[in-house]
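Right, one structure below, let's go through it.
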Amino acid sequence: MRSCRVRSKASRVISKESELKHLELIMATGLVEFLLNLRRGLVKDEENSPARGGTRVGESSRARRRRDDTSMPTPLQREPCKTRPAFELCAKGSHGNYMERLPSEIILKIFSFLDASSLFNISFVNKRFHDLANSNALWSVLYASEIEKKMWRPPVSMMKEAVSSTVVEEKPAGYWKKLLLKEMAGYKDTMWKTELKHMNPHTGMPALTEHVLRRLDIQWEITLTNRNGREIVYKQTHTFFEDSSVTVCWNHGVWPLMYTLNTLQLHGIMCPASPAPGDKPRWRSLIRKTALQRTGRWSFFGADRLVKVLQFDKGIIIGLWRGNWKIAFIMVNLHFHKLIERSLLGSRFCPYMPADDSAVDPDCSRHGYTLHIVLHNPVRQILCRRFSPLYTRRVMPQREFVQLIAIDFANVSEHVPVAKISLPWQAEGLKGEVERCCMMTLTVLDEAQRPFWCASSTVKMYSRQRVLELEYEGEQFIVLYEDAEGKVKMTFVWMEEVQHYFLVQLVTIFPADKVQRHFSGEC
C-alpha cells in the first residue's frame, strides 16, 4: 500500500513537470485562456493530494485526473483563446509605467541610439521626454556626425574642439538642435535672407523672391486626408508667378470623391531636381490646413459646362466634375510676404509664426499708405495698379474703422479699364473657363514701405442693382473680400460697346485697433 502511494506521488510530480514545460510554451504563444484552465487543474491536484487528506490512499493519479477533468470545459465547450498584448501582461505585474521609474541617465543612453528625426518626434511624448530629448549632449553628437558627411568639413581636431563637453554645456538649451535642423534642411539662412533684403519699389515685396524659390527648389504639395485617416499626397503640376504672388495648380493624378475627404493640408518642401540615392525624407513645412466638411466650410464659387468650383478659406479653390463629386483640379494663390519662411521654417504639423517686427511710431495721423493690387488668373494678368499716397478716414458708426479710398466713383479720371475677368482651368486633357472670377493679390504698405496688410485670394463678381449714379450705361458688378485684417470693395461696370469692364470704385477698410497695434499709437 505504501509503495503504491509513493508511485502515485512520483507520477504526479512527473506529470506536473511536463505540464509546466507545456505551460512555458503556451505562454510564449499568448494563449492565456488555456493557461488559466491548466492552472485551475494543477491547483485542484494539490488540493486533492494525500498530504491534504483530499483522496483515498489507494486512488491512482489517473483516476483523480479523470475526476478533476469533469469540472474543466471540454474542447467543444472551451471559449476561444484571446491573445493579449505583451504590454498588458507587463502592466498587471507592475505598478505604473516602468519608463517613469528609469533613471534619466538610462533614458539618455537609449535616446543616444536614435537619429535626429526620431529624437525630434519622441520629444512630444511627455514633458520628461521633451526635457531629455532636447539635451545639448545628444544634439551636439548628431550635429558633429552630420557635418562629417558634408563634402567639405573642417579638420577632425577642430570639430572635436567645437563640440567638446565644455563648449556644449556653455551653449543655451536647443542651440545644437537648431544648428542640426538647419543643416538637415539643406539651406543657408544668411544667403537667402540677404537676397530677400532687396525690395521691389513697385510692390514692396522682396525683388528676388521668385529667384530664391527656384534656386532652393521649393515646391508645394497637398495632402488629402479621408474620413478613415488615410493620407494621399499630390505634387504640384505647374505654377504661375506674378509680381507679388504665385498660383499653384494640381490637376494630375487619381483624385478621390469630394464627400469622402476630411482635411486638406498645404506643405512647402525642398525638392531637388536630381535627388541623390539614400537621401533623407524631405522637410515639410505646413502652410495651411483646412477642413473640407460641407457645413460652413465652403461656398459655391462658379461653374461652366464641365466643372463647378468651390472656395475654401479664401485662398483655395477646388474644381469638381459636373454630375459627380470627383475632384478635377485644385488651385491655391500664395502671397510673397514671408512665403519662403512659411515654406521652410515650419514643421509638418505647425506653421511658421513670424515675429512682430513693427516699429513704434506714435504719430499715425499723417501716415501715407501705398496700395498695390493685382487681378490675375493662372494664365495671364488682368489688372495691376499701384496707388500712393493714400490717407485714412474714419468710418461710422462709432468710428471703429478707417478706410482708404484708392478709386472714387465720383472722379471719372480715376476709373480704370479692365480686360475680361475669368478663371481658365485644365484637367485630364480638357479645358474650360469660369466667367466673372479670378485671383486677387493685395498689398498695403505703410509710409516706411513695410507690409501693413497682405491678402491673396480668389474673388467673384456679383451682379447688383444700379446703385452708383455714373456716366456709364451698363450692368454693375461688385467684388467683396473680407478677413480678420480688413475688407476690400470693388465696383465694376460692363461696357457692352467696347466689351470691357471699368473699375469705378476701390475701397479698403481696416479696424482702427489694427492701425493702433501697427504703429503703437493713437489715431
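The values are calculated or read from the model by the stated rules, or taken from the named source; none is laboratory data. Because the structure is a prediction, the values reported are computed rather than measured. Virtual Cβ from ideal backbone geometry, glycine too; neighbours counted across all protein chains shown. Heads up: the accessible areas ignore ligands, DNA and RNA and are worked out on the full protein's heavy atoms, side chains in. Shrake-Rupley method; radii C 1.70, N 1.55, O 1.52, S 1.80 Å.
What does the highest-first list of 480-487, 507-514 look like by mean Cβ count within 10 Å?
Descending packing order for the listed peptides: 507-514, 480-487.
Sort the following peptides by mean Cβ neighbour count (other Cβ atoms within 10 Å, averaged over residues), highest first: 411-422, 442-453.
By packing density, highest mean first, the sequence is 442-453, 411-422.
Can you give the Kirkwood hydrodynamic radius for the range 190-243, in Å, rounded to one decimal and based on Cα pairs?
13.7
Which order do LYS489, LYS109 take when ranked by solvent-accessible area (1.4 Å probe, heavy atoms of all protein chains), largest first?
In descending accessible area the options line up as LYS109, LYS489.
When all protein chains stay in place, what accessible area (Å², nearest 10, 1.4 Å probe) is found for CYS350?
For CYS350, solvent-accessible area is about 80 Å².
Could you order HIS211, HIS238, HIS252 by accessible surface area, starting with the largest, using a probe radius of 1.4 Å?
Ranking HIS211, HIS238, HIS252 by accessible area, largest first, yields HIS252, HIS211, HIS238.
Using R₀ = 51 Å, calculate the FRET efficiency as 1/(1 + (r/R₀)^6) where r is the Cβ-Cβ separation of GLU146 and THR237; round to 0.05.
Using R0 = 51 Å, I get an efficiency of 0.90.
Once you've got the Cα coordinates, tell me which of LYS197/LYS420; LYS127/LYS289; LYS171/LYS314 are over 32 Å apart.
Pairs exceeding 32 Å: LYS197/LYS420; LYS171/LYS314.
Enumerate by residue number the chymotrypsin sites (Phe, Trp or Tyr not before Pro) in the range 371-450 meeting two conditions: DSSP loop (anything except H, G, I, E, B), and at most 10 other Cβ atoms within 10 Å of the site's Cβ.
Counting only loop positions with at most 10 other Cβ atoms within 10 Å, none of the chymotrypsin sites (Phe, Trp or Tyr not before Pro) in the range 371-450 qualifies.
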